[in-house]
Every structure is written in structure tokens, then in C-alpha cells.
Amino acid sequence: MATDYDEVRSDVKESQDRSLEALQSANAPDARSVVRDLDEADALDDAMTPGGEFVAEELIVQVVPQASDEFTCYSCFLVRHRSQLARDKDGHSYCIECEG
């Protein structure tokens with residue numbers, strides 16, 4: 001008697017059908033409601049801090065200009081001290097870490 005080894009066994013097939021039915025009958029939210037909930041949460045996050053308090057003031061940041069003994073690495077764009085200069089090629093400076 002020939003046996004088809006590619007055919008799914010009956011007990012496995014029944015188990016798969018029951019699992020699929022359970023997933024389909026579960027009360028899962030639809031995609032639109034999930035997107036709507038995420039959009040509402042993002043809108044609230046814009047004006048709130050992690051503690052849940054609203055902040056309605058501007059931040060004041062003092063910008064310090066680059067000093068004469070500093071350079072901006074052309075690869076990582078960090079301001080570095082001249083002692084970390086690895087090479088200067090075509091007017092672009094590179095730091096030791098980027099050249100390493």
C-alpha cells in the first residue's frame with residue numbers, strides 16, 4: 001500500500017482548524033481603530049512631559065561658537081579639539097575615531 005507522506009495527518013489538521021477558528025473569533029481590534037488610538041496618543045504626547053504635566057514655555061539654549069582650537073569632523077559632524085585631528089583632506093577635517 002502506497003503512503004502519501006506529504007499529506008497532513010487528520011489530528012494535526014483538526015488542531016490547526018481549531019486554532020484558526022479561535023483566532024478568528026477573538027475580539028481583536030481592527031486596523032483603523034489601532035491607528036486612530038495611536039494618533040490620539042501621539043497628539044497628547046506633543047504637549048506633555050513624561051510626568052504628565054503640560055509645558056507651555058520656550059526653552060532657551062545658549063549656543064557657544066566653535067573655538068579657534070576646535071574643528072568639526074566631516075564624517076561624524078562632532079566638534080573636536082585640534083588634538084583629535086587625524087587628517088585634513090580637500091578642506092575637510094577628520095577626527096581620530098573616524099579614521100581609526
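Annotations for the structure displayed:
- Environment charge of Ala67, counting only residues whose C-beta is closer than 14 Å and scoring Lys/Arg +1, Asp/Glu -1: 0
- Take 2-11, 86-95 and order them by the average number of nearby Cβ atoms within 10 Å per residue, most first; the result is 86-95, 2-11.
- Here the 3J(HN,Hα) profile of segment 10-15, calculated from phi with Karplus coefficients 6.51, -1.76 and 1.60 at θ = phi - 60°, is 5, 5, 5, 4, 5, 5 Hz, Gly and Pro shown as x.
- Cut-off 13 Å between beta-carbons: net charge of the residues surrounding Cys98, Lys and Arg +1, Asp and Glu -1: 0
Laboratory data are not the source of any read-out in this text; all were calculated from the coordinates shown. Small disclaimer: the values here were computed from a predicted structure and weren't measured. Backbone-built Cβ (ideal geometry, glycine too); neighbour counts: all protein chains shown.
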